[in-house]
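Structure first, commentary second.
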Amino acid sequence: QVQLVESGGGKVQPGGSLRLSCAASGNIFSISFMGWYRQAPGKQRELVATIISGGSTNYADAVKGRFTISRDNAKNTAYLQMNSLNPEDTAVYYCNVHLTRYYSAAVTSYWGQGTQVTVSS
């Protein structure tokens, strides 16, 4: 079994910062992809940032220069540092991981439970 635990969400004023964490645990051989997505009320889920095993990153245009994704391979954990937050960043943020389990050649996608980020004065 694999578990994803997200943390770090909350309410912050415009211009503030938050750091999200996504820790994967369980039957994990390797993680090839870690990403953050978000879904605002009434909108579709959208990509925020991704990082692959080699360290290459990708960001949505709306967050470039403000958000930074990183990962700690030893801890199977991804982070999303969010700076200069604005009300448009308000959403539920979800972690997505693509991994290979021990004794399996298949790559499986897992989603976290989501963490609420609210930017409001």
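Summed over region 1-16, the residues that are open to solvent by 40 Å² or more (accessible area, probe 1.4 Å) and among the small types (Gly, Ala, Ser) give a count of 2.
Here is a check on your reading of the model: is Ala23 touching a residue at least 40 places away in the same chain (Cβ under 8 Å), hydrophobic (A, V, I, L, M, F, W, C) and closer than 18 Å to Val119 by Cβ?
Taking the combined requirement at face value, the residue does not satisfy it.
Inside region 73-84, can you point out the residues that are in a strand (DSSP E or B), of a type in the set (S, T, N, Q) and crowded, with 18+ Cβ neighbours inside 10 Å? Hit for region 73-84 is Thr77, nothing else. For region 85-121, the set of residues classified as under 19 Å from Leu47 (Cβ atoms), in a loop (DSSP other than H, G, I, E, B) and open to solvent by 40 Å² or more (accessible area, probe 1.4 Å) consists of Asn86, Gln113, listed by residue number.
Here Ser70 meets each of (1) open to solvent by less than 70 Å² (accessible area, probe 1.4 Å); (2) in contact (Cβ under 8 Å) with a residue 24 or more places away in the chain; (3) more than 18 Å from Gln113 (Cβ to Cβ) with one exception, condition (2).
Are any residues in region 17-33 open to solvent by 20 Å² or more (accessible area, probe 1.4 Å) and assigned to a loop (DSSP other than H, G, I, E, B), and if so, which ones? Within region 17-33, Ser17, Asn27, Phe29 meet the criteria. Residues that are open to solvent by 60 Å² or more (accessible area, probe 1.4 Å), closer than 14 Å to Trp111 by Cα and charged (D, E, K, R) within region 34-58 comprise Arg45, Glu46, listed in sequence order.
The values are calculated or read from the model by the stated rules, or taken from the named source; none is laboratory data. Fair warning: this is a prediction, and the values are worked out from it, not measured in the lab. Here the Cβ is made from the backbone with ideal geometry for all residues, glycine too, and neighbour counts use every protein chain on show. With ligands, DNA and RNA removed, areas are computed over all heavy atoms of the protein, side chains included. Shrake-Rupley method; radii C 1.70, N 1.55, O 1.52, S 1.80 Å.
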